[in-house]
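A.B. asks: Attaching a single structure in structure tokens format; questions to follow.
Throughout, read-outs are computed from the coordinates displayed, never taken from laboratory work. Computed from a predicted structure; not experimentally measured. Every residue, glycine among them, receives a Cβ derived from its backbone with ideal geometry; neighbour counts consider all protein chains shown.
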């Protein structure tokens, strides 16, 4: 595999390939989607993501619980769960600080659905994971650091 | 491209239905490269909704950081044995799939 890569570089097409990669990277997720919050999912930093979600200054809350392992051996499959004890929770989002795009997923909860979701996420490296919860017009947050020993982003 | 069926389990206990779903999907991030160094294009689920007897119980948006073959568990109030829980998803290539299961 490495030899092949070296060959590509040697033949001088490397620059062209890299250019194509950059272009593909920029364009790839940009396929038009009706409801999908493109700005939030494509935002790179935590601050930009929070802004795109409309969450200004989320308050840390003990009523929001983020569950997950302290150490994840495989960053490609990290089980995380979010529960919120705040009445009227309507949205839960999972953000991973050091991933290429911070937002992993968001869940809108209609009335009658409990603020308790579990899923599995990918993590590129050890990072703080945030659970963002919306109740009424306010945002609340919980944080947990998950250490990753093997990255999940193809590294 | 044909998509594979999801595995959905739903069980009601004390008036609360817990739904667990395992969805078959590549969830390619668009960050990985193949053996030739070419980027594998992103291919992931963007939207997922769940309904109980036709009523929306969860609507979610996924990014590329959700793991391959996503797992999802959530709970909603109500539901009775035999009721239908349906989950549908849509990915960034415009493919979609809906599967349903009866509450046990």
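A.B. asks: Using Cα pairs under 8 angstrom and six or more residues apart, how large is the relative contact order of the stretch A:44-148, in percent?
C.D. replies: After rounding, I find 35 percent.
A.B. asks: Per-residue mean of other chain beta-carbon atoms within 10 angstrom of the beta-carbon, peptide B:29-35?
C.D. replies: Mean shielding count: 6.
A.B. asks: Now for a different question. Other chains near A:123-130: what is the mean number of their Cβ atoms within 10 Å of each residue's Cβ?
C.D. replies: On the way: counts 2, 3, 0, 0, 0, 0, 0, 0.
Mean partner shielding for this stretch: 1.
A.B. asks: Explain nothing, just the number: relative contact order of the stretch B:7-102, from Cα pairs under 8 Å at least 6 residues apart, as a whole percent.
C.D. replies: 32
A.B. asks: Taking beta carbons within 10 Å but only from partner chains, what does the mean come to for residues B:38-49?
C.D. replies: Partner Cβ neighbours, averaged per residue: 4.
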